[in-house]
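Just below is one structure, and these are the notes that go with it.
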Amino acid sequence: MQQTQSFASRYFKMKREQFQHGLVQAKHNKVCYLFLAPYAILFFTFFILPICTSIFYGFTYYNILEPARFIGLQNYINLILQDEVFLIAIKNTFVIAVITGPVGYILSFLFAWFINELPKWIRSVAVVIFYAPSIAASAFTIFSVLFRGDAYGWFNAILMEFGIIEAPKLWLITPDTMMPILIVVILWMSMGTGFLSFVAGFQGIDRSMYEAGYVDGVRNRWQELYHITLPSMKPMLLFGAVMSITNAFNVSDVPRMLCGFPSTDYAARTVVTHLFDYGFSRFEMGYASAIATILFLVMILCKKAITGLLGRVGT
Amino acid sequence: MSEINTVKSNGTLKLIDGKKYRGYLQADETGVAFYPKGKTEPIVQWTYPRMHRMDRIRRGGTSGEITVILKDDSRYIFDLDYGLKLYDHMDKHWADKPVMPRTRGDELHRLAELRGEKIEVPKKHLITRRHPNRSIGGDIGVYLILLIFAILMVFPLVFLIGNSLKPLNEFFRFPPPVWPSQPTTDNFSDLFVLMGQSWVPFSRYLINTVLITFVGTFGHLVIASMAAFVLAKYQFPGGRTFFAVVTTCLMFSGYVTGVPNYLIMSRLGMIDTYWALILPAFAAPIGMFLMKQFMEGLPTALIEAATIDGASTFGIFWNIVMPNVKPAWLTMIIFSVQGLWNSTATTVIYSEAKKPLVYALNQLLAGGVARTGASAAAQVVIISVPILIFILSQSRILETMASSGIKD
């Protein structure tokens with residue numbers, strides 16, 4: 001007993017000293033906090049507070065007009081057991097995330113790598129070509145013209161020209177064809193910030209490592225990629241992964257603008273459009289917050305898993 | 001000091017008349033010289049261009065080869081078998097003609113010529129390969145794949161631009177052409193007519209967007225840079241934790257936090273004001289993140305020296321750090337502009353007179369085949385701004401992105 005008490009008291013004394021030391025350091029660096037404060041306050045208000053708010057409102061019934069009423073886990077139970085549309089949304093988001101996340105990630109890496117082998121001026125053009133779809137945010141609406149349901153839609157016209165289909169198909173209205181088109185469009189837009197980071201990462205690798213590689217007998221590009229490039233790109237790979245998680249889970253504009261909102265049979269519903277529906281059409285803020293909370297959790301878990309996976313790359 | 005930065009390599013220097021000198025090539029901080037065996041005076045000497053002092057030297061793959069890497073990242077390969085070659089880092093290829101430094105070596109060349117003899121100029125290689133370990137088949141494959149995908153990537157954009165230039169009758173042709181046979185700018189003038197008919201004058205939308213984009217980007221640049229500066233260059237309790245939280249928040253885009261943000265903004269009375277778009281943009285995690293990573297690359301000695309000279313923290317930030325991180329500014333600006341320029345703000349702004357341009361242009365989309373041309377023209381106007389900014393600042397942005405990695 002005596003032993004544990006003294007251990008505990010020693011532990012707390014140590015903690016207190018650490019805290020006091022921190023306080024002294026903090027006082028010493030007062031200016032730093034002054035510099036950080038404007039950003040930190042805004043960041044807290046618009047990024048941390050919303051997360052806390054959605055966790056809190058997730059346990060309540062709240063429709064803005066009446067004060068929030070605590071209802072425990074009811075929102076989550078309803079989501080999983082009663083809300084069939086949410087299950088469709090989960091399924092769609094999962095399909096989109098599983099396909100566009102890894103594929104978009106790998107494609108951005110491969111293209112960045114290929115582009116890196118080009119001479120300088122072609123490289124600049126190629127970077128613009130691959131990156132443009134993701135900065136030209138609303139340009140994807142052109143796909144609604146390409147896949148238009150009548151014969152003036154380009155895709156229909158081409159297929160009819162070659163005799164593959166007889167009559168024009170309603171690509172963006174038929175539930176079966178919506179998802180493949182959405183996936184193509186999202187992949188088209190997936191060469192984003194992560195891709196840029198890869199391009200820059202490839203250029204930043206120390207040339208002398210490659211020169212040393214030639215001498216040490218690295219015979220082809222794949223060996224070079226695995227033994228030299230990948231290990232030195234690890235930080236960029238992690239950054240790219242975070243960016244592709246963002247892109248894969250936050251799909252909302254593309255299905256809303258291409259397939260309509262709501263889409264036929266909710267076939268293009270994603271978790272974020274579901275959240276939008278409840279938050280801004282029905283003003284069931286409690287329910288929407290529960291959806292947002294689930295999304296936060298899934299994304300954080302995803303990032304944890306990917307960090308773990310990338311830790312093993314090149315070792 | 002000079003001992004560490006000196007590399008010697010044995011070999012034979014051959015002159016054109018067949019005279020051979022055995023000896024060694026020695027590279028040091030100022031240049032490279034060839035010393036014949038047993039002599040203390042070099043017979044050939046090259047010096048680096050004065051502005052670019054040597055960064056490091058290493059012995060190359062074969063004997064008689066020395067690689068010198070200069071501060072501007074150009075490389076000189078001194079190889080007794082092949083002569084003197086310059087490796088251009090930015091273009092990543094071997095310059096095919098030997099570099100002729102205007103130094104004592106040139107003088108020796110001139111004297112040798114006067115005497116009727118010549119120091120051998122190395123022969124040009126037939127094919128200069130950038131990467132010795134790449135197969136030609138593989139290279140062709142890579143180019144082919146890139147070409148195919150580049151066409152696929154650019155096709156929708158070309159189609160969009162084509163649509164914006166199509167006269168009305170070409171929209172009803174079967175099959176629809178990708179590029180109009182008679183390009184016209186009618187759609188753009190239609191767009192102006194449509195703009196003139198809208199209930200709120202179109203210039204109002206434009207002013208809204210420009211105002212939001214400008215104020216949001218400027219504030220973001222100052223506020224986020226200040227935070228990035230202390231996080232990158234000072235150690236203080238809580239700093240690391242704060243940055244880790246920001247890194248995690250990179251994942252949460254405006255959509256996921258949309259609902260709770262709306263609740264918070266309505267509490268703060270910001271709904272239906274420009275602030276609802278501007279203030280969150282100030283705190284965008286991506287810009288702060290990139291700025292901090294880039295600032296970490298600045299030499300700490302720069303800041304320490306200024307501190308000793310008695311500069312205030314703000315003085316250091318404004319006069320020393322900010323001018324040195326201009327590439328990161330541009331990157332912050334493009335990400336911020338991209339976000340603000342494209343925002344439709346349907347959820348936080350209700351009054352028609354405060355809506356941004358993209359929202360108004362997207363309204364034109366709603367209207368069948370007849371409006372396809374005008375809406376394509378509108379899209380072209382919208383997308384050209386971020387793409388143009390990117391094209392103009394690409395190299396600076398890539399410079400910043402090179403430090404974008406997340407370290408565990």
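Pairs are defined by a Cβ separation below 6 Å, a sequence spacing of at least 6 or placement on different chains, a first member in the range B:158-180 that is under 13 Å from A:Arg148 (Cβ atoms), and a second member that is of a type in the set (Ser, Thr, Tyr); the pairs so defined are B:Phe171/B:Thr372; B:Pro176/A:Tyr152.
For the range A:205-250, name all the residues that are surrounded by 14 or more Cβ atoms within 10 Å (Cβ to Cβ), free of Cβ contacts under 8 Å to residues at least 12 places away in the same chain and of a type in the set (Gly, Ala, Ser). Across the range A:205-250, the qualifying residue is only A:Ala212.
Across the range B:121-144, the qualifying residues are those that are in contact with a Phe, Trp or Tyr (Cβ under 7 Å, 6 or more places away or on another chain) and at the interface with another protein chain (Cβ under 8 Å from one of its Cβ atoms), and the one among them that is modelled with the lowest pLDDT is B:Pro132. Note on the range A:285-315: residues that are more than 10 Å from chain B (Cβ to nearest Cβ) and either in contact with a Cys (Cβ under 6 Å, 6 or more places away or on another chain) or not in a helix (DSSP H, G or I) (or both) total 4. Please tell me if B:Gly238 is at pLDDT below 90, closer than 16 Å to A:Leu34 by Cα and surrounded by fewer than 18 Cβ atoms within 10 Å (Cβ to Cβ). Yes, satisfied.
Inside the range A:259-287, can you point out the residues that are aliphatic (A, V, I, L, M) and either within 18 Å of the chain's Cα centre (by Cα) or crowded, with 21+ Cβ neighbours inside 10 Å (or both)? Hits for the range A:259-287 are A:Ala268, A:Val271, A:Val272, A:Leu275, A:Met285. Please work out if A:Leu238 is hydrophobic (A, V, I, L, M, F, W, C) and more than 10 Å from every other protein chain (Cβ to nearest Cβ). Spelling it out, it is not the case that A:Leu238 is hydrophobic (A, V, I, L, M, F, W, C) and more than 10 Å from every other protein chain (Cβ to nearest Cβ).
The single condition among (1) buried (at least 17 other Cβ atoms within 10 Å of the Cβ); (2) more than 26 Å from the chain's Cα centre (by Cα); (3) of a type in the set (A, V, I, L, M) that A:Ala132 does not satisfy is (2). Would you mention how many residues in the range A:211-224 are touching a helix residue (DSSP H, G or I) at 6+ places or on another chain (Cβ under 7 Å) and either under 13 Å from B:Gly405 (Cα atoms) or not basic (Lys, Arg) (or both)? Result for the range A:211-224: 3. Restricting attention to the range B:300-356, the residues being farther than 22 Å from A:Ile135 by Cβ and part of a helix (DSSP H, G or I) number 24.
Checking each residue in the range B:384-398 for being out of contact with any Leu (no Cβ under 8 Å at 6 or more places or on another chain) and at the interface with chain A (Cβ under 7 Å from one of its Cβ atoms) picks out B:Pro386, B:Ile387, B:Phe390, B:Ile391, B:Gln394.
All of (1) out of contact with any Leu (no Cβ under 7 Å at 6 or more places or on another chain); (2) at the interface with chain B (Cβ under 10 Å from one of its Cβ atoms) hold for A:Phe12 with one exception: (2). The helices (runs of 4 or more DSSP H) located wholly in the range B:153-235 that include 2 or more residues which are of a type in the set (S, T, N, Q) occupy B:186-197, B:202-233. The residues of the range A:17-60 that are over 29 Å from B:Met291 (Cβ atoms), modelled with pLDDT of 85 or more and of a type outside the set (A, V, I, L, M, F, W, C), listed by number, are A:Tyr57, A:Gly58, A:Thr60.
Put simply, of A:Gly213, A:Gly201 the only residue that is within 28 Å of the chain's Cα centre (by Cα) and within 13 Å of another protein chain (Cβ to nearest Cβ) is A:Gly201.
Every residue, every condition in (1) more than 23 Å from A:Phe130 (Cα to Cα); (2) in the same structural domain as A:Val103 (by TED's automatic domain parsing); (3) surrounded by fewer than 21 Cβ atoms within 10 Å (Cβ to Cβ), yes or no:
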| site | (1), (2), (3) |
| --- | --- |
| A:Val145 | no, yes, no |
| A:Asp150 | yes, yes, yes |
| A:Ala157 | yes, yes, yes |
| A:Glu161 | yes, yes, yes |
| A:Leu172 | yes, yes, no |
| A:Pro180 | no, yes, yes |
| A:Ile186 | no, yes, no |
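The values are calculated or read from the model by the stated rules, or taken from the named source; none is laboratory data. In this text, all values refer to a predicted model and were calculated from it rather than measured experimentally. Note that we place each Cβ from the backbone using ideal geometry, even for glycine, and neighbour counts take in every protein chain shown.
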